[in-house]
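One structure below.
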Amino acid sequence: MSAKWRALQHRHKYTYSSVVFPKSFIETLKLIPSQICSSFGFFSDLEELISLNSTYSQLSAVKSLSSSFSQLLSSEEATADIVAAASKLYLEILFLENSLPLHRTLISPLTKSRKFLPLLSECFESLCEEYGDLSRKGKKRFVVSRAALSLMGFPKLGFLNETVEKCAVLVAKDVRFGLTGVFLDIECGSRPSPIVMEQCQEAMSCLYYLLQRYPTKFLGLQGGADALESVVRSILNVLKSSAFSRDCFVAAGVSFCAAIQACMSHEELASFISRGFFGIYGADGEVGDVGVKKVMPNGDLYLEIADFPVLSRLCMLRGILTAIPRTVLNAPFVDPINQFIWTILYNGILPELCSYCENPADSHFNFHALTVTQICLQQIKTSILADLTDFSVNYNPLPEGMMNRILKIIWSNIDDPLSQTVKQVHLIFDLLLDIEASLPSGEDGDRTELLLLKIVTDLLCLGPRCKGSDIILEMLSRVPT
């Protein structure tokens, strides 16, 4: 979707929609005694916000509401009961339909009141339970996860981290409920709208943060382990579908990696990824099987990940590169017969990404494949600098053939009509030079010179009409002689 189309959608969304205040919310506000309402500007500002019928106007009004809520929290005349009533109404806006544009302004004053932190935390937790109740009549999708994501994404909100942690499993169940509804719609023949796509992406991002920050909540007792398995199944269902957006697949990829890390050791992760994604069995292959049973006790995780569509698999590789520790990516597997060393990063992911770049389905897939390749090379560069890569006599992680293969991919995209693709291959080329410079000097001392000579020869073969070669030449000029 183009930027112009997104801007048009954004303008229409903000002009013709607004926060939907349910009848119960308005009735609760009316029950507050008039003398209390007249004593604090918060309640009149809330009534003003309710009366507005566009997000644009509510964005302006919510600033006044946020300010008056801060004043109420700091007022000596505000009793605990008044603060509790106001906080319930104020925080409930985070859970209402179309409220996302207001979240940042609404959350801001919560950081400024230390006196009522326990009350605010208790109030938010009760709202999560209320709106997360799966038996709630007319329950909307993703309302709890959307509020939790806004809180987790706000800086300097450490005091509410414990509250979000308490609600982690509840929030994950809300994501699962919302995704189940989307899957049912797809089965009935409808295609998710751009708004639903965006909601699914946010839900996947919320899962990632929950699993990354509070992994222990998804282990052991109180339904945590069951919640983890159901969450993993929901993520896998997204990745197996062709109905979701690329951004949603990317978020699902990192969420899956965060999920398996919640209960697998580094050794189990390495064994599972090498076998499940690349068919490589190490000497201790059963280690991965132990980890798989922790994630999915009632299913076969190897079978689940075997039939991803190509775009989903590419996004899963991106998730592995982004979320899995580098020590796992560089863990060596030794063939017991031939003593051949194999690693996830160099021998699994990098060759597969090269294959995608060499045979792209279309220009958009090509750009995405190049983006993931750039991430892979960045991880390679960092791994070399951190001394995580094995350069033993029996192992050459970056042979000449692989370097030439990457160069060929660069040359085939250097003059692409899409400027973003050309920028991506420039980044890849820059990383390739950095990697070559970072490689330890060995017996083949002329390797760098030979690579530079090949680059210059290739550029001469491309000819003077190659528009993308200017920046390549500039990068080469910075290489020390």
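The values are calculated or read from the model by the stated rules, or taken from the named source; none is laboratory data. Note that this is a predicted model, so its numbers are computed, not measured. A quick note on method: Cβ atoms are made from the backbone with ideal geometry, for glycine too, and the neighbour counts reach across all protein chains shown.
Taking Ser355 and the conditions (1) touching a residue at least 24 places away in the same chain (Cβ under 8 Å); (2) outside any loop (DSSP other than H, G, I, E, B), which numbered condition does it fall short on, given that it satisfies the others?
The number of the failed condition is (1).
With the checklist (1) at pLDDT below 95; (2) surrounded by fewer than 24 Cβ atoms within 10 Å (Cβ to Cβ); (3) assigned to a helix (DSSP H, G or I); (4) not hydroxyl-bearing (Ser, Thr, Tyr) in hand, flag the one item Gly189 doesn't pass.
So the condition that Gly189 fails would be (3).
For the stretch 72-145, give me every one of the helices (runs of 4 or more DSSP H) that falls completely inside it and has 1 or more residues that are more than 27 Å from the chain's Cα centre (by Cα).
80-92, 117-132
Inside the stretch 422-443, can you point out the residues that are over 29 Å from the mean Cα position of the chain (by Cα), acidic (Asp, Glu) and at pLDDT 85 or above?
Glu436
Can you name the number of the only condition in (1) modelled with pLDDT under 95; (2) more than 15 Å from Leu317 (Cα to Cα); (3) assigned to a helix (DSSP H, G or I) that Met204 fails?
(1)
What pairs can you find where one residue is in the stretch 383-412 and farther than 17 Å from Glu436 by Cβ, the other is modelled with pLDDT of 95 or more, and their Cβ atoms are less than 6 Å apart, with a gap of 6+ or different chains?
Leu388/Arg326; Leu388/Asn330
Restricting attention to the stretch 146-181, and to residues there that are modelled with pLDDT of 90 or more and among the charged types (D, E, K, R), which single residue is farthest from the chain's Cα centre (by Cα)?
Checking each candidate, the answer is Lys166.
Residue-wise test of (1) among the aromatic types (Phe, Trp, Tyr); (2) assigned to a helix (DSSP H, G or I); (3) within 28 Å of Pro118 (Cβ to Cβ); (4) in the same structural domain as Arg104 (by TED's automatic domain parsing).
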{"position": "Val20", "(1), (2), (3), (4)": "no, no, no, yes"}
{"position": "Glu27", "(1), (2), (3), (4)": "no, yes, yes, yes"}
{"position": "Ile32", "(1), (2), (3), (4)": "no, no, yes, yes"}
{"position": "Ser44", "(1), (2), (3), (4)": "no, yes, yes, yes"}
{"position": "Leu49", "(1), (2), (3), (4)": "no, yes, yes, yes"}
{"position": "Ser60", "(1), (2), (3), (4)": "no, yes, no, yes"}
{"position": "Leu65", "(1), (2), (3), (4)": "no, yes, yes, yes"}
